[in-house]
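Novice: Have a look at the structure that comes next, please.
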Amino acid sequence: MIQCSSDQSAHGILTEARVRGLRVPADVAVIGFGDQDYAAFTDPALTTVRVDRDRLGRAAAKAMLTRFRGEEDPERVTDIGFEVIRRASA
């Protein structure tokens with residue numbers, strides 16, 4: 001199994017697997033990250049991890065503003081959760 005840090009990287013892996021004659025997911029499984037709009041339309045459709053990008057952005061902005069103000073962030077770890085979107089590549 002190949003786990004990628006982005007759907008874009010995973011799409012590249014799918015393309016390279018095809019060039020090398022590998023069958024996805026029979027020979028190699030591929031998982032992306034981000035659930036980009038095109039992920040459902042790759043061949044095979046890309047299994048990916050979906051995160052709430054709006055929530056992630058708000059949490060990052062809040063953490064940066066807290067740091068800029070010189071304040072201590074009581075929430076040093078923020079769990080925004082995730083969802084595995086199962087498709088044909090894994």
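Novice: May I ask for the angle, rounded to the nearest 10°, between helix 53-68 and the longest principal axis of the chain, with both axes built from Cα atoms and the value confined to 0 to 90°?
Specialist: Once rounded, one gets 40 degrees.
Novice: Further, regarding this structure: Between residue 50 and residue 67, what is the spin-label point distance in nm, taking each point 7 Å from the Cα along the Cα→C-beta axis?
Specialist: 3.0
Novice: I'd like the orientation of helix 7-19 relative to the chain: the angle between its Cα long axis and the longest Cα principal axis, in ° from 0 to 90, rounded to 10.
Specialist: Helix 7-19 sits at roughly 10 degrees to that axis.
Novice: Something else: Evaluate the distance, in nm, between pseudo-label points positioned 7 Å from the Cα of residue 80 and of residue 58 along their respective Cα→Cβ axes.
Specialist: It works out to 1.1 nm between the two label points.
Novice: Which three lengths, in whole Å and largest first, does the chain cover when its Cα atoms are put on their principal axes?
Specialist: So the three principal-axis extents are 55, 19, 19 Å.
Novice: Okay, helix-only estimate at 222 nm for the chain: each DSSP H run of n ≥ 4 adds -39500 (n - 2.57), divide by all residues, round to 500 deg cm²/dmol; what do you get?
Specialist: That calculation yields -10500 deg cm²/dmol at 222 nm.
Novice: Pop a pseudo-label 7 angstrom from the Cα along the beta-carbon direction at both residue 41 and residue 29 and give the gap in nm to one decimal.
Specialist: Rounded to a tenth, the inter-label distance reads 2.7 nm.
Novice: What share of the DSSP beta bridges in the chain is antiparallel, in percent to the nearest 5?
Specialist: 40
Novice: Just subtract the alpha-carbon distance of residue 88 and residue 16 from 0.36 nm times their residue separation and send over the number in nm, one decimal.
Specialist: Working: separation 72, 0.36 × 72 = 25.92 nm, distance 1.66 nm.
In short, 24.3 nm is gained.
Novice: Treating only the Cβ of Lys, Arg, Asp and Glu as charged (+1, +1, -1, -1), what charge dipole size does region 2-85 show about its Cα centre? Round to the nearest 20 debye.
Specialist: The dipole magnitude comes to about 140 debye.
We did not get these values from a lab; they are worked out from the coordinates using the rules stated. Keep in mind that this is a model prediction, so the values were computed, not measured. When we count neighbours, we look across all protein chains shown, and the Cβ atoms used for this are built from the backbone with ideal geometry, even at glycine.
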